[in-house]
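Chemist: So that we are looking at the same thing, I have put the structure below in structure tokens.
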Amino acid sequence: MDKLNVLVVGAGIGGLTAALCLARRGHAVQILEQSAEVTTTGAGIQLSPNCTRVLHSLGLAGELAAAACMPDAIEIRYWRDARLIASAPLGHGITAKFGSPYYHIHRADLAQLLFEEVSKCCGIHCSATVDRVLDDGREVSALIGSTTYKADLLIGADGIHSTVKNTCLSDEKPRFTGNIAWRATVPASQFASLTSTTQLWWGPGKHIVYYPISRGELINCVCIVEKSGWQRESWTEKGELSELQADFSGWHESITALLASVNSESCFKWALFDRDPLPRWCTGRVSLLGDACHPTLPFMAQGAAMAIEDAAVLAACLGDRSDIAASLMRYQNLRMARTKRIQRVSRRNAYVFHMSGMVSAVRNVLAGRMLADTMDWLYGYDALRSN
Ligand SMILES: Cc1cc2nc3c(=O)[nH]c(=O)nc-3n(C[C@H](O)[C@H](O)[C@H](O)COP(=O)(O)OP(=O)(O)OC[C@H]3O[C@@H](n4cnc5c(N)ncnc54)[C@H](O)[C@@H]3O)c2cc1C
């Protein structure tokens, strides 16, 4: 296998993991990131066994275990009376079943531990916004103002609004889904009994997920509400706590008590955008990865997990210098069906989670079976063995 020069555009979770997977195989990697520093805002993220398996293979098991929380179970509850709709064990049982743990972690902790590893073996250029990408068949160039970076291949891990996608593959724009996501944290000390499970509560037109992060010090809340009008997509857009609380008024008292304890400085809102699956992710020496090629709504908590899986498969597909286009196509073909399925089920969940009336009663009866089946195919996938 030749050692290749690779440019990765974007230092999100996908770009950092891709850089690490490639560097571990001996390739020379440079990351171009538009932000002034590599940080991830936003609070919690769920890491399921299908992606912790990849992170462990990169030697990050100890760091992850130290920074993350391992929930005992997931419980799905009904918005008005808190009754249990369905549950499934997580914790050590899931680690034993799938060979890798289920964690909750603060995004900043995950970004930090990836960044520390990446900075030991890759070049990272911040304040580097890629304007254009040119592939002349012999090498590929990323253009940043008057500066040009050249490489054997380029990976666009630059998120849902990907410039790499727009300039090389398709200029289809994301569209607003009609849902907004509130994100907020609560000091866990006030809710000691809540800290060992993932809680998912379903209600008409909205749902809430909450779970412990930051070594159990905080409870991370993600509250998704169907709403029209406001459409900004940003990790740093502050939201009015009173609006969040009003969105969940009438819900069970344990939810209103939780939201009454949100620190208003930690309250953010984000409009959820979506794109249809792309017919192709690569052309010549350029390929996409993560949200750039398959933005995934957070109704399965799998967007970052898919980017992490992509990274492992892409690195394993690369072969000789003469084969770059074929290797990238092989990666695309190995990943497309799974990511399409997860995009589709995430979209479907946007409808299922928010049902009301009789149809929600039927859903509640089927929920336990649906949860168990999904966990099997979702967590059982091994990106390290997929090619
Ligand atoms: C509310 C919410 C909750 C979620 N919860 C979960 C969860 O629990 N589990 C899970 O797996 N997923 C979750 N997701 C999804 C997950 O956050 C995303 O799928 C994931 O972050 C995508 O990572 P990425 O690296 O592909 O893209 P991004 O995180 O968008 O990173 C793209 C990077 O590229 C940079 N960039 C963009 N354009 C350029 C350019 N032209 N030049 C240079 N750099 C550029 C950006 O600055 C950024 O750093 C959630 C999403 C939301 C909104």
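The values are calculated or read from the model by the stated rules, or taken from the named source; none is laboratory data. Predicted model, so just to flag it, every value in this text is computed and none were measured. Quick reminder, even Gly has a Cβ in these numbers, built from the backbone with ideal geometry, and neighbours come from all protein chains shown.
Chemist: Is it the case that region 90-97 has a residue that's within 12 Å of the ligand (Cβ to nearest atom), aliphatic (A, V, I, L, M) and either surrounded by 24 or more Cβ atoms within 10 Å (Cβ to Cβ) or on the phi < 0 side of the Ramachandran plot (or both)? Show your work before the answer.
Modeler: So in region 90-97, the residues within 12 Å of the ligand (Cβ to nearest atom) come out as none.
Within region 90-97 (the criterion being within 12 Å of the ligand (Cβ to nearest atom), aliphatic (A, V, I, L, M) and either surrounded by 24 or more Cβ atoms within 10 Å (Cβ to Cβ) or on the phi < 0 side of the Ramachandran plot (or both)), the answer is no, since none of the residues qualifies.
Chemist: Conditions first: (1) under 22 Å from the mean Cα position of the chain (by Cα); (2) away from the ligand (no atom under 14 Å from the Cβ); (3) free of Cβ contacts under 8 Å to residues at least 60 places away in the same chain; (4) assigned to a strand (DSSP E or B). Ser119 passes all but one, so which condition is the exception?
Modeler: (4)
Chemist: Moving to a separate point now. Report every pair of residues separated by at least 6 positions or lying on different chains whose Cβ atoms are under 7 Å apart, first residue within region 22-35 and over 17 Å from Glu116 (Cα atoms), second of a type in the set (Ser, Thr, Tyr) and within 12 Å of the ligand (Cβ to nearest atom).
Modeler: Note: pairs meeting the criteria are Gln34/Thr129.
Chemist: Looking at the structure I just gave you, is Asp310 charged (D, E, K, R) and over 25 Å from Ile160 (Cβ atoms)?
Modeler: no
Chemist: Right, Glu63: within 12 Å of the ligand (Cβ to nearest atom), among the charged types (D, E, K, R) and at pLDDT 95 or above or not?
Modeler: Here the answer is no, as Glu63 does not meet what is asked.
Chemist: A further question follows. I need the full set of residues from region 270-284 which are more than 8 Å from the ligand (Cβ to nearest atom) and either surrounded by fewer than 24 Cβ atoms within 10 Å (Cβ to Cβ) or assigned to a strand (DSSP E or B) (or both), in order please.
Modeler: Hits for region 270-284 are Ala271, Phe273, Asp274, Arg275, Asp276, Pro277, Leu278, Pro279, Arg280, Cys282, Thr283, Gly284.
Chemist: Right, something else. Being of a type outside the set (D, E, K, R) and free of Cβ contacts under 8 Å to residues at least 40 places away in the same chain, is that true of even one residue in region 77-85?
Modeler: Checking region 77-85: at least one residue is of a type outside the set (D, E, K, R) and free of Cβ contacts under 8 Å to residues at least 40 places away in the same chain.
Chemist: Given the condition under 26 Å from Val6 (Cβ atoms), within 16 Å of the ligand (Cβ to nearest atom) and not in a loop (DSSP other than H, G, I, E, B), answer yes or no: does some residue in region 291-298 qualify?
Modeler: yes
Chemist: Considering region 1-40 alone, what residues qualify as being more than 10 Å from the ligand (Cβ to nearest atom) and either within 19 Å of the chain's Cα centre (by Cα) or of a type in the set (Phe, Trp, Tyr) (or both)?
Modeler: Ala19, Leu20, Cys21, listed by residue number.
Chemist: Moving on. Within region 132-156, work out how many residues are surrounded by 15 or more Cβ atoms within 10 Å (Cβ to Cβ) and either at positive phi or out of contact with any strand residue (DSSP E or B) (no Cβ under 6 Å at 6 or more places or on another chain) (or both).
Modeler: 1
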